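Since the structure comes first, as structure tokens, the remarks are kept for the end.
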Amino acid sequence: MDQLTSTPQAEPLRPDDHVIGPDSAPVTLIAYCDFECPFCGDAFGRIKTLRMRFPHQLRFVFRHFPLVEKHPFAQQAAEASEAAAHQGQFWVMHDLLFEHQEDLAPEDLYRYAESAGLDVSSFKAQLHGRVHAARVLYDVKSGRRNGVSGTPTFFLNDAWLEDDDRLEALIGRAA
């Protein structure tokens, strides 16, 4: 049985999506993830390897899907990544959050903001003001509309990927 299904399909890319990789890449991988989820942490390592292996063939899109009922720091971590995005450093913060997903308390987030070279006072103000909560919620609602209920959930070229264990083989075949 083919591991890609025709439904559900991912929503089209939006201007505010977090995208890394060339627009011309033949493969687009959309991931709905939670920064505190250990399975997303495992996937982070695999995706990083795939991005290095297929630098011209893979475009990666990150969308938030914090599982707040399971992961108490996930929502704030997602908002922290958006505060970093506001300063042009989403991917730096994304990597720091996954690399340190056991340490996502506010003090940790401030340390990551400092190490990412962010204006920490602005970062703190945005985090405390929940400035980016609506942006995170938009991704969550997008995921729910597309049948996402857990993390990580992947869409490969807009088709739901049921078996992410075969991610590398499917990307290699599609590229």
*Consider only pairs whose beta carbons are under 7 Å apart and that are at least six residues apart or on different chains; among these, list those whose first residue lies in segment 54-76 and is within 19 Å of Gln126 (Cα to Cα) and whose second residue is surrounded by fewer than 22 Cβ atoms within 10 Å (Cβ to Cβ) and among the small types (Gly, Ala, Ser).*
Phe73/Ala105
*Is one or more of the residues making up segment 127-139 open to solvent by less than 10 Å² (accessible area, probe 1.4 Å), in contact (Cβ under 8 Å) with a residue 40 or more places away in the chain and of a type in the set (Gly, Ala, Ser)?*
no
*Would you say His86 is open to solvent by 70 Å² or more (accessible area, probe 1.4 Å) and either under 22 Å from Arg145 (Cα atoms) or not hydroxyl-bearing (Ser, Thr, Tyr) (or both)?*
yes
*Examine segment 42-51 for a residue that is at negative phi, in a helix (DSSP H, G or I), without any contact (Cβ under 8 Å) to a residue 40 or more places away in the chain and among the acidic types (Asp, Glu), and state whether such a residue exists.*
yes
*asked:* Can you tell me which condition Ala169 does not meet? The list is (1) among the small types (Gly, Ala, Ser); (2) over 26 Å from Arg53 (Cβ atoms); (3) without any contact (Cβ under 8 Å) to a residue 40 or more places away in the chain; (4) open to solvent by 20 Å² or more (accessible area, probe 1.4 Å), and all the others hold.
replied: (2)
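In segment 12-33, which residues are of a type in the set (A, V, I, L, M) and touching a strand residue (DSSP E or B) at 6+ places or on another chain (Cβ under 6 Å)?
Listed by number, the residues that qualify are Val19, Ile20, Ala25, Val27, Leu29, Ile30, Ala31.
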*Give segment 13-41 a look and list any residue that's over 25 Å from Asp108 (Cβ atoms), open to solvent by 30 Å² or more (accessible area, probe 1.4 Å) and touching a residue at least 40 places away in the same chain (Cβ under 8 Å), or say none.*
Leu13, Asp16, Val19, Pro26
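Quick check, is Asp23 assigned to a loop (DSSP other than H, G, I, E, B) and under 13 Å from the mean Cα position of the chain (by Cα)?
Against the criterion (assigned to a loop (DSSP other than H, G, I, E, B) and under 13 Å from the mean Cα position of the chain (by Cα)), Asp23 does not qualify.
One line per residue, one yes/no per condition, for (1) open to solvent by less than 70 Å² (accessible area, probe 1.4 Å); (2) out of contact with any strand residue (DSSP E or B) (no Cβ under 8 Å at 6 or more places or on another chain); (3) closer than 18 Å to Val61 by Cα; (4) free of Cβ contacts under 8 Å to residues at least 40 places away in the same chain:
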position	(1), (2), (3), (4)
Glu114	no, yes, no, yes
Arg145	no, yes, yes, no
Pro152	yes, no, yes, no
Leu161	yes, no, yes, no
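The values are calculated or read from the model by the stated rules, or taken from the named source; none is laboratory data. What you are looking at is a predicted structure, and each value in this text was computed from that prediction instead of being measured. Reconstructed Cβ throughout: ideal geometry from the backbone, glycine too, with neighbour counts over all protein chains shown. What goes into the accessible areas is simple: the full protein's heavy atoms, side chains included, and nothing from ligands, DNA or RNA. Shrake-Rupley method; radii C 1.70, N 1.55, O 1.52, S 1.80 Å.
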